[in-house]
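As structure tokens, the structure follows; a few thoughts come after it.
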Amino acid sequence: MPRPLRSAYPAPHSAPLSLMSAERKTLEERAQMSDLERLRHSCAHIMATAILRIWPDAQFAYGPPVENGFYYDFDMKHRLTPDDFEKIEAEMKKIAKENQRFEKKVISREEAIALAKSGRLGGLSERPGNESRFKLDLIDKIPAGEEISCFQNGDFIDLCAGPHVGYTSKCKNVKLTSVSSSFYMGDESKGQLQRLYGTAFESKEELEAHFVRLEEAKKRDHRRLGKELKLFHIDEDVGQGLILWTPNGATLRQELQTFISEELRKQGYSQVFTPHIGKLALYKTSGHFPYYKDAQFPAIMEPDQLEQIAHEGCSCAEMTARIDACSAQFAAQMNERTGREMIGKERIMDAEKLLDGFLLKPMNCPHHIKIFASQPRSYRDLPVRLAEFGTVYRWEQSGELNGMTRVRGFTQDDAHLFCTEDQVAAEVLGCLSLVKVVLNTLGMSDYRVRVGLRDPDSGKYTGSPEQWDRAEAACREAAKTLGVPFSEEPGEAAFYGPKIDFVIKDVIGREWQLGTVQVDYQLPIRFDLSYTGADNKPHRPVMIHRAPFGSMERFTGVLIEHFAGHFPTWLAPEQVRILTISEKVDTFANEVFEQLKAAGLRVTLNNEADKIGAKIRLAQLDKVPYMLVLGEKEAAAQSVAVRHSKKGDLGVKPVAQFLEEITAEVKERRL
RNA sequence: GCCGAAGUAGCUCAGCGGUAGAGCAGCGCAUUCGUAAUGCGCGGGUCGCGGGUUCGAUUCCCGCCUUCGGCUCCA
């Protein structure tokens, strides 16, 4: 059960540098704040000061610096809207002008609690009846023996470990960016706070440059380019998070799939096809149902059964229970195989009461496992490498959906490798080299590798420690051969085995988790897989899940932004556009058009009555890599004037020469 | 799912109690032109959906849907 393909990528306001994670930052870690972070953190205090001057009842929680600025979480009666920004910013500028000093004071726990009780912490003055409730909680979380300090600027005193800039005058170049809601401690049950985001820089120029960068990022947003270049469409009537690949996008995807398929063939994979649905029992065996039920489309019931339960007047809750349940025999089998209570007594039900149905497949592994199990396997057959562009469906929360990068139906460039324990290391290596080929071909050289290991203190992992040691060593060794930086992260393994994730950085510095390779000891047990060894005895194979792209949807989304829509010729939906200067060259233009088409190029002809400047402009906007300008001069010389969308005018060449050059460029998948 | 914002022509957006407007795109005609916009003309909208208030609603109110920014989640 891979946990592939979709882990979060940082949004524009990415995770705060502290406090969101379960572990608190140590004082030493805090002291390492960069100058810019320090500045931004001070801005958060100034923002709080400004808010309090306008709304004195506000109660503050956290105000950390984040990747692109800072925020402060707080609760107050007034609901902020962007209309309030101007007022708050004006007050912040005033505070900067007042040039207040940031003063640190170390206080005792008792003093801290007393200040918080009086409403003084995170306030401009004592506020009877309005105690600093979040600060009280924060004080409570500070480990005994750790220094407790507060920072004061002007009248504002806040519980804070610092560090800060010296004076508020440093914080002039600041801008509020957005307001949203958040949960206290990221915990839904702890109530909702307002979160106000801002950004700040040392100089005015840097601040302005930041907003220019944001504009640039907007221009390469895959949702915008997807529309402009007609790559994909999402239609309300089809459903949220369901991608319709329009012809241009489909061409792009097809090229990517062809590319991957070629590499798979080289590496000894077999491609398979499997259906989009599978019986519930399959997912009970794999363990994904009902464990991940909330993230799946509901089961599809068989018509006869549906009619019967309707006839019986079965309640919804009852029906759900009957769908979720397993027979005693099934439970006993599974619990024995896995050596633990995988299926508890509460899920066991009489066989005749059980309801079966189908599930839109949330992952491809069970189907591939069944292909592996469909015939007896010998150690001589291993490794068996089954690959499929398999479409899966997951019920993502509506608020999570985002263009192509977070969707409800997506196609994984999935594969499952079944091998012997001894082969794991070599197979992991093979998977990594495939990912590397893919990323290199696409010019994504800026990536890091994350090796997820088990947390030795946690009991959630299955399998023997010896197995884990071997698998982790294999992953570590494999990662070393990549020649790129990698980090080992204990506790980041899936419960069934260690994994290696590729986190790529796009041109504007955002990180995306795409490809993944995961070693799995668990599913072979659950499905009771075996092969015959050289000793003529049954052995348990090891499974490797891997997906170099992650999903076609997400990868394409990232690729659109990576190239800002300017795809390399081999990927470009339209590779060449012929532009005629006048009707007089129509015949020649048609000849060239037919010639390029016959060579397998994706070429179009614009022989409308427009001026050449207008035709070039349109082709540029459509980001067509090659424009061939044809006039009477070219027709006479059987040549083409080549213009490249990024490199500009490349001069006049004989048709045959252009054809040869572009064919080679496409064949070699040049960037 | 939660908080907030937004949905007007294919796209980008204006209008905001008296049943709609621009630019681009599209279509037609003229122009035959040398590296990012030739001119003129025409068509196109149950103003996201459903209710309510009103003599009258795109405009005000309520509900829903979708999108966006966050939160939470991601086998």
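Descriptive notes on the structure:
Rundown of residues vs (1) of a type in the set (Lys, Arg); (2) touching a strand residue (DSSP E or B) at 6+ places or on another chain (Cβ under 6 Å), yes/no style:
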{"position": "A:285", "(1), (2)": "no, no"}
{"position": "A:296", "(1), (2)": "no, no"}
{"position": "A:299", "(1), (2)": "no, yes"}
{"position": "A:304", "(1), (2)": "no, no"}
{"position": "A:319", "(1), (2)": "no, no"}
{"position": "A:325", "(1), (2)": "no, no"}
{"position": "A:336", "(1), (2)": "no, no"}
{"position": "A:345", "(1), (2)": "yes, no"}
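- Checking A:101, A:109 one by one, the residue that is more than 28 Å from residue A:175 (Cβ to Cβ), of a type in the set (D, E, K, R) and in contact with a strand residue (DSSP E or B) (Cβ under 7 Å, 6 or more places away or on another chain) is A:109 and no other.
- The residues on offer are A:286, A:327, and the sole one that is surrounded by 17 or more Cβ atoms within 10 Å (Cβ to Cβ), more than 16 Å from RNA strand B (Cβ to nearest atom) and polar (S, T, N, Q) is A:327.
- Flag if residue A:79 is touching a residue at least 24 places away in the same chain (Cβ under 8 Å), of a type in the set (Lys, Arg) and surrounded by fewer than 13 Cβ atoms within 10 Å (Cβ to Cβ): yes
- Checklist (1) open to solvent by less than 10 Å² (accessible area, probe 1.4 Å); (2) touching a helix residue (DSSP H, G or I) at 6+ places or on another chain (Cβ under 8 Å) applied to residue A:44, failing item: (2)
- Any hit, region A:183-195, residues being touching a Ser or Thr at 6+ places or on another chain (Cβ under 8 Å) and either modelled with pLDDT of 90 or more or more than 10 Å from RNA strand B (Cβ to nearest atom) (or both): no
- Among residues of region A:466-515, those that are more than 22 Å from residue A:445 (Cα to Cα), acidic (Asp, Glu) and part of a helix (DSSP H, G or I), counted: 3
- Residue count for region A:275-320 satisfying the condition of being touching a Pro at 6+ places or on another chain (Cβ under 9 Å) and in a loop (DSSP other than H, G, I, E, B): 5.
- Residue that is farthest from RNA strand B (Cβ to nearest atom), among those in region A:203-233 that are surrounded by 15 or more Cβ atoms within 10 Å (Cβ to Cβ) and over 30 Å from residue A:252 (Cβ atoms): A:207
- From A:51, A:113, A:95, A:107, residue being surrounded by 20 or more Cβ atoms within 10 Å (Cβ to Cβ), more than 35 Å from the chain's Cα centre (by Cα), of a type in the set (Val, Ile, Thr) and at pLDDT 75 or above: A:95
- Among (1) free of Cβ contacts under 8 Å to residues at least 40 places away in the same chain; (2) within 16 Å of RNA strand B (Cβ to nearest atom) - the single one residue A:349 does not satisfy: (2)
- Any hit, region A:310-321, residues being more than 20 Å from residue A:413 (Cα to Cα) and either in contact with a helix residue (DSSP H, G or I) (Cβ under 8 Å, 6 or more places away or on another chain) or within 16 Å of RNA strand B (Cβ to nearest atom) (or both): yes
- Inter-residue pairs, beta-carbon under 8 Å, first assigned to a helix (DSSP H, G or I) and in region A:365-379, second open to solvent by less than 10 Å² (accessible area, probe 1.4 Å) and of a type in the set (Ser, Thr, Tyr), 6+ apart: A:365/A:286; A:366/A:283; A:366/A:286; A:369/A:286
- Scanning region A:639-666 for residues that are more than 16 Å from RNA strand B (Cβ to nearest atom) and either in contact (Cβ under 8 Å) with a residue 40 or more places away in the chain or over 16 Å from residue A:569 (Cβ atoms) (or both) gives A:656, A:659, A:662, A:663, A:665, A:666.
- Whichever residue in region A:455-465 is closer than 21 Å to residue A:337 by Cβ and in a loop (DSSP other than H, G, I, E, B) and, among such residues, is modelled with the highest pLDDT: A:464
- Qualifying residues in region A:370-419 (those that are open to solvent by less than 20 Å² (accessible area, probe 1.4 Å) and among the hydroxyl-bearing types (Ser, Thr, Tyr)) - the one farthest from residue A:555 (Cα to Cα): A:411
- Strands (runs of 3 or more DSSP E) completely within region A:67-176 that count 1 or more residues being within 16 Å of RNA strand B (Cβ to nearest atom) and touching a Lys or Arg at 6+ places or on another chain (Cβ under 9 Å): A:69-75
- Matching residues, region A:475-502, being buried (at least 22 other Cβ atoms within 10 Å of the Cβ) and of a type in the set (Lys, Arg): A:499
- Against the numbered list (1) away from RNA strand B (no atom under 16 Å from the Cβ); (2) modelled with pLDDT of 90 or more; (3) more than 22 Å from residue A:280 (Cα to Cα), residue A:339 comes up short only at (2).
- Among the residues of region A:626-638, those that are under 10 Å from residue A:578 (Cα atoms) and more than 6 Å from RNA strand B (Cβ to nearest atom) comprise A:626, A:627, A:628, A:630.
- Checking each residue of region A:547-563 against the condition of being part of a loop (DSSP other than H, G, I, E, B) and more than 23 Å from residue A:475 (Cβ to Cβ) gives no match.
- When region A:583-612 is limited to residues that are among the small types (Gly, Ala, Ser) and at pLDDT 95 or above, the one that is nearest to RNA strand B (Cβ to nearest atom) turns out to be A:589.
The values are calculated or read from the model by the stated rules, or taken from the named source; none is laboratory data. The structure presented is a predicted model; accordingly, all values stated were derived computationally and were not measured. When we count neighbours, we look across all protein chains shown, and the Cβ atoms used for this are built from the backbone with ideal geometry, even at glycine. Just the protein is used for accessible areas: all its heavy atoms, side chains included, with ligands, DNA and RNA removed. Shrake-Rupley method; radii C 1.70, N 1.55, O 1.52, S 1.80 Å.
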